[in-house]
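What follows is a set of notes on a single structure, which appears directly below.
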Amino acid sequence: MSEVDLGYWGVPLAMLGGAIRVSTPFLFVSLGECLTERSGRINLGLEGTLVCGAISAYAVAFETGSPWLGVLVAALCGALFGLLHGLICSLPKVNDIAVGIAMMLMGMGLAFYFGKSYVQPVAPDLPSIPLGAWSDIPQLQAALDINALFFLGLFAAIVLDWVLRNTRAGLYVRVVGDSTAAARAMGVHPNRVRVISTLAGGALAGIGGSYLSLYYPGSWNEGISSGQGLMAVALVIFARWKPLYCFGAALLFGSAGAIGPALQSVGISSGYHLFYAAPYLLTLIILIITSSPHRLLSGAPAELSITK
Amino acid sequence: MSIPWHRPSWATPLARHSEALLIPVGALLAGFLLFALFLALQGKSPAEYYSLVYKAGFGSAFSWQNTLVRTAPLLLAALCVALPARLGLVVIGGEGAIVISGLACAQVAVLTQQAGTAPGMVLSLALMFIASALVGAAWIGAIGVLRHWRGVNETIASLLMTYIAIALMNHLVEGPMRDPNSLNKPSTAPLTDWQRVGQIPGLEVHWGLLAALICCIAAWLLIDRTTWGFGARIAGSNVRAAQLQGLPVGRMIIIVTAMAGACAGLAGAFEVAAIHGAANASLVSGIGYSGILVAFLARQNPLAIIPVAIMLAGFEASNGLVQRRMDLPDATVLVLQGIVFLAILSSETLYGRFRVFTPERWQPLPAEGEISTVQQGNPA
């Protein structure tokens, strides 16, 4: 089938497709970060978790031939990183932001250390669902060729939102995040809840990493993550600590990343670096508008060190 | 019966200082040991690793030179973290300030390239460094302003501004500021020869090292030895107490973040004027992030930053030799850094836990005549 010339209509279409493709890892890391932050801790180390998830998924998929087994192992690997972060931060007087930076260094180090031998081999990709098969326009088909993990991420956002609102476990997470003293009075162990939240958050980030190496860009190299793990922190602020908003924020950040290639396809090649900075600028502006020296950010967990 | 042993007057300060020295050194050794275990598990010899690091980082004049060249920007990047940290702020955006001020340095260099006379050249060089320091100060100082004025979290703001700085740099270097002759790697126009920073005679390391050392000592004097610094440290440990004392906390925050930014700005200027010779994507080298590691390992003490930065620079300088001799990937040094960082951070929990280090335990005993009344349980 030959390409249909869509003119400038190709830009929003390419952006939509790009946004969906690029946003999936954003979605998973931001959901993981959201859960961790709702329990009152911040995990700045998800960048390391992401690349470790990417390499472990790639290695397992290559050795066993099963990409889904790779996703599972990436989740386990991420959970392990979350557990380590959670346990170290449970020691008194230890700064969770600094531990996150250390975990980022170590995660990237371990991933690149063990990933050296996987730069060449080709692992099987995750399958995608051709939702655009009804259309004759190849660009639309390409845009709607969506990976199953995207829907898994959407599902996870809905489930996380529901769990936080309606279940006992969700109440524990929220109460620990809002007041350690109140949690203690309820008989909840704050550190235990925070370790479990960080662990689960790490598992989600690990899955996000597996998407990077197994679907898009779909290979393993040292530049595989362009800071999505670090961005997760900004994204969660942008999403006001709400899992469903994380979905929208991930799409927005993803489309900002996709705008450059989309414009290039119609011949506009300058200035797209500035578009790339747009989400950060937007987050910063939102932070400036909504912050106040006299009260907490609205929606922010009160025990979070960055909101104090 | 307990023997009242002699407790000299220097025992109390010794106990206090040895805690501040022994715990980090112990944690560092624990980190090295854990990394040795990591190597041993893969059948690599930790002894060979550490001896290679010594050889390539500190073993000869050439290796010292290699180490010290890497030390200079690390010192400045670490100051960018350590200064605000003494005020209780976690600023992690040094990378952005380095990038943006490196760009300013290159731009001023291009604008003043025509200077022909000797005073003109000196002025041009001075302007390059002043502009870089000012841009750096404005970049990180803005984070202090936002913190004071709007209560915006400085960690997140500095992280966001780093991404903005990198995007801005990419845009300018590939667009308006691009030198048409830079084909493969978009760059600004190269500095002319006299705009390049030379080397310290006899050391073969550029002058940035001396500038960075002076900055470290000046920062230490300011924060640890002046009344103003004492006020800043009070604000860092208890904002309410500082405000009740009438200390100008907001002004302190803005001044300290601006100074921190100026340090990062100098790092960017030396990267351009002494190493790269033009501003391009090489400015995004992760030095800003390594500076975070150095500052935390030094526990935010500007003087302790010096040995820590030299040590880390030595590990980085030896990375190439380690790769070739031991067939280890280049990420080995990252793993080591991560493990050591985690060990140091975990050791924060140990302060005040050991009775040996508590100053009260070492206070001189009361005079002879008072002993019988003080030590009641003592059978004479």
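What follows is calculated from the coordinates using simple rules that are stated; it is not laboratory data. These figures come from a predicted structure and were not determined experimentally. Here the Cβ is made from the backbone with ideal geometry for all residues, glycine too, and neighbour counts use every protein chain on show.
Structure summary
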| item | result |
| --- | --- |
| Gyration tensor (alpha-carbon) shape descriptor, the range B:91-232, a/c threshold 1.5 | oblate |
| Extension reserve of the residue B:349-residue B:25 stretch, reckoned as 0.36 nm per residue once the Cα distance is removed | 115.2 nm |
| Cut-off of 10 Å, at most 16 other beta carbons, DSSP loop: longest stretch of chain B lacking such chymotrypsin sites (Phe, Trp or Tyr not before Pro) | B:11-206 |
| Cβ-based charge dipole, chain B, positive-most Cα from B:106, B:351, B:168 | B:351 |
| For the range A:226-237, 3J(HN,Hα) per residue [Karplus equation, 6.51 cos²θ - 1.76 cosθ + 1.60, θ = phi - 60°, Hz, x = Gly/Pro] | 9, x, 4, x, 5, 5, 3, 4, 5, 4, 5, 5 |
| Reachable aspartates and glutamates, given that their alpha-carbon falls under 17 Å from the alpha-carbon of residue A:242 and they are not under 8 places away in the same chain | A:33, A:37, A:161, A:178, A:303 |
| Nonlocal amide H pairs with residue B:187, under 5 Å, H built at 1.01 Å | B:179, B:182 |
| GNM top mover of A:209, A:45, A:53 - chain A, alpha-carbon springs below 10 Å | A:45 |
| Taking chain A and dividing mean pair separation by its residue count, relative contact order in percent (alpha carbons under 8 Å, at least six apart) | 36 percent |
| Chain B: most fluctuating residue of B:248, B:84, B:176 per GNM, C-alpha cutoff 10 Å | B:176 |
| Electrostatic dipole magnitude of the protein assembly as shown [Cβ: Lys, Arg +1; Asp, Glu -1; Cα centre; debye, to 20] | 1800 debye |
| Label-point gap, in nm, between residue B:321 and residue B:303 - each point 7 angstrom along Cα→Cβ | 3.1 nm |
| Gain upon complete extension [residue B:363, residue B:281; 0.36 nm per residue less C-alpha separation] | 23.8 nm |
| Under Karplus coefficients 6.51, -1.76 and 1.60, residue-wise ³J(HN,Hα) of the range B:15-28 in Hz, glycine/proline x | 4, 5, 6, 5, 5, 5, 9, 6, 5, x, 5, x, 5, 4 |
| In order through the range A:59-64: 3J(HN,Hα) via Karplus (6.51 cos²θ - 1.76 cosθ + 1.60), integer Hz, x for Gly, Pro | 4, 5, 4, 5, 6, 9 |
| Radius of gyration and Dmax over the Cα atoms of chain B, both given in Å | 24.4, 93 |
| Sum of side-chain charges, residue B:301 neighbourhood, beta-carbon under 15 Å (Lys, Arg +1; Asp, Glu -1) | +2 |
| Nearest-0.05 FRET efficiency for residue A:182 and residue A:122, computed from C-beta distance (R0 41 Å) | 0.20 |
| The range B:158-301 - percent relative contact order, Cα under 8 Å, separation 6 or more | 28 percent |
| Listed residues A:228, A:120, A:139, most fluctuating in chain A (Gaussian network, C-alpha, under 10 Å) | A:120 |
| q = 0.05, 0.07, 0.11, 0.12 Å⁻¹: log10 I(q)/I(0) that the Debye formula gives for the protein assembly as shown, counting C-alpha atoms only | -0.26, -0.50, -1.23, -1.44 |
| Nearest-20 debye value, chain A charge dipole, Cβ charges on Lys, Arg, Asp, Glu | 1320 debye |
| Relative contact order (percent, whole number), chain B, Cα cutoff 8 Å, 6+ residue spacing | 36 percent |
